[in-house]
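**Student:** There's a structure below that I have some questions on.
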Amino acid sequence: MIDGKIIGELEKSALEEISKAVNFKELENARINYIGRKGKITSTLRAIGKIPEEKRPEMGQLINDVKIKVSNAYEAKNSELSSGLSDKDPYPGDPTLPGRKNWQGGLHVLHKVTKEIKEIFYGMGYSLTEGPDVELDYYNFEALNFPSDHPSRDAQDTFYINRDILMRTQTSPVQVRFMEKNTPPVRIMSPGRVYRNETPDPSHSAEFFQMEGLYVDKNVSMVDLKNDLTFFVKTYFGYEAKLRFRPHFFPFTEPSAEVDMSCFVCKGEGCSVCGKTGWIEIMGAGMVHPNVFRFVGYEQDLYTGFAFGMGIDRIAMLKYGINDIRHFLNNDLRFLEQFWRQKGWE
Ligand code: DAH
């Protein structure tokens, strides 16, 4: 039977539920529960017909008043939630704080360095050409004058797909691929990923990057090689940088050299970066070996050329003071992000 007590209790619990609501879902549940079509207050109002006639006006008035009160409380709570203010959270946030920026990625540091190196060589008339990572033994070794039983192969062990197909150990095979299809003058650079069977340590990785260069024409000499490499190093590392050519052996160049740059940290005095020598090795280079020309069908008496190959990872490490080659491929954003914020890197 409906009486004042029941209605009073209904009012109390409805108002309590509404005031406790901390989000729209809870508030909506309270509404449905009490003043919705099948809500407790609504059905009490409907049941008024069942009480003795003389009590109906009084009870009807009472329930109606409660329904209005509860509806008002609902409206008030609704606008409170909409404005973000609620009793439980009187400080919804500091509206003067700057908004959140959208997260934005950036290019990988090795990609950036490759781009920068490419720009410098484009300026000297080099064009870009690329070759496959999965390479034939023929291009990676044989045609570069590494016979199959030659010990010079030992320094470049790699991952073999089968006897004839392997993961390339250097970008030099692109030289052969390009010369097979093009006649001189040839002036190309070829960046890319290379692979070696190495145990990773701070300066070795089983996967790294190289930039190959090749220039073949009539009367190309070592002076031209020195000129282009000097221009590159001075442009990239600063005008005071000096180059040094040390005799070396590579099967596909003769004469061959390892190229050192004067240490940009100590300016040649000797420090920990250059191992106290004042010089830092940055690439291999030399004059294209006549056997390579024979493999690609170039006239050995007519043309000469030079080639060079640098480790992009190493250049990046020197340029940005990175002390471990493994950082490049760990995909750790704490490392990679630093280079996105560098000036001029947008
Ligand atoms: N491919 C050589 C290496 O990975 C580097 C190199 C040396 C490239 C001499 C050249 C070159 O083009 O002429 O060790």
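A short reminder: the numbers here are calculations on the coordinates, not readings from a lab. None of these values were measured; they are calculated from a predicted model. Neighbour counts are summed over all protein chains in view; Cβ atoms, including those assigned to glycine, are modelled from backbone coordinates with ideal geometry.
**Student:** Treat every Asp and Glu Cβ in the chain as -1 and every Lys and Arg Cβ as +1, leave all other atoms uncharged, and give the resulting dipole magnitude about the Cα centre to the nearest 20 debye.
**Tutor:** Dipole magnitude for the chain comes out near 1280 debye.
**Student:** Based on alpha-carbon atoms only, what is the radius of gyration of the stretch 227-346 relative to the globular estimate 2.2 N^0.38 Å? Display every interim value, and only then the final one.
**Tutor:** On the way: Rg = 17.6 Å, N = 120, 2.2 N^0.38 = 13.6 Å.
Taking the Cα Rg and dividing by 2.2 N^0.38 Å, one obtains 1.29.
**Student:** Follow-up question, since we're still on this one. Sort 308-317, 182-191, 125-134 for me by packing, meaning the mean count of neighbouring Cβ atoms within 10 Å per residue, highest on top.
**Tutor:** Numbers: 308-317: 22.5, 182-191: 18.8, 125-134: 14.2.
Going from most to least packed, we get 308-317, 182-191, 125-134.
**Student:** How big is the charge dipole of the stretch 118-189 about its Cα centre, in debye rounded to the nearest 20, if each Lys and Arg gets +1 on its Cβ and each Asp and Glu gets -1 on its Cβ?
**Tutor:** Charge dipole of the stretch 118-189: 300 debye, to the nearest 20.
**Student:** Would you calculate a helix-derived [θ] at 222 nm for the chain, using -39,500 (n - 2.57) for each DSSP H run of n ≥ 4 and dividing by the full residue count, to the nearest 500?
**Tutor:** -11500 deg cm²/dmol
**Student:** Related question: So which lysines pass the test for Lys55, namely a Cα distance under 16 Å, with those fewer than 8 places away in the same chain ruled out?
**Tutor:** Lys5
**Student:** Multiply the residue gap between Thr96 and Lys242 by 0.36 nm, knock off their C-alpha separation, and tell me the result in nm, one decimal place.
**Tutor:** Extra length from Thr96 to Lys242 when fully extended: 47.2 nm.
**Student:** Considering every pair of different Cα atoms, what Kirkwood radius, in Å, is found for the chain? If you can, show how the numbers build up before the last one.
**Tutor:** Working: mean 1/r = 0.0380 Å⁻¹.
Kirkwood radius, the chain: 26.3 Å.
**Student:** A further question follows. Counting alpha carbon pairs within less than 8 Å and at least 6 residues apart, what relative contact order, in whole percent, applies to the stretch 132-270?
**Tutor:** On the way: 192 pairs, mean separation 24.8, N = 139.
Once normalised by length, the contact order is 18 percent.
**Student:** Still on this model: Normalised by the residues of the stretch 4-83, what does the relative contact order come to in percent, with Cα pairs under 8 Å and at least six apart?
**Tutor:** Computed value for the stretch 4-83: 38 percent relative contact order.
**Student:** Can I ask one more? Beta carbons within 10 angstrom, averaged per residue: use that to sort the peptides 152-160, 298-306, highest first.
**Tutor:** Values: 152-160: 13.8, 298-306: 17.0.
Ranked from most to least packed, the peptides come out as 298-306, 152-160.
**Student:** Now a separate question. Got the relative contact order for the chain handy, in percent, Cα pairs under 8 Å and 6 or more residues apart?
**Tutor:** It comes to 14 percent, rounded to a whole number.
**Student:** Next up: If you bin every alpha carbon distance in the stretch 4-83 into 10 Å steps from zero, what whole percent lands in each bin?
**Tutor:** That works out to 19, 50, 23, 7, 1, in percent per bin.
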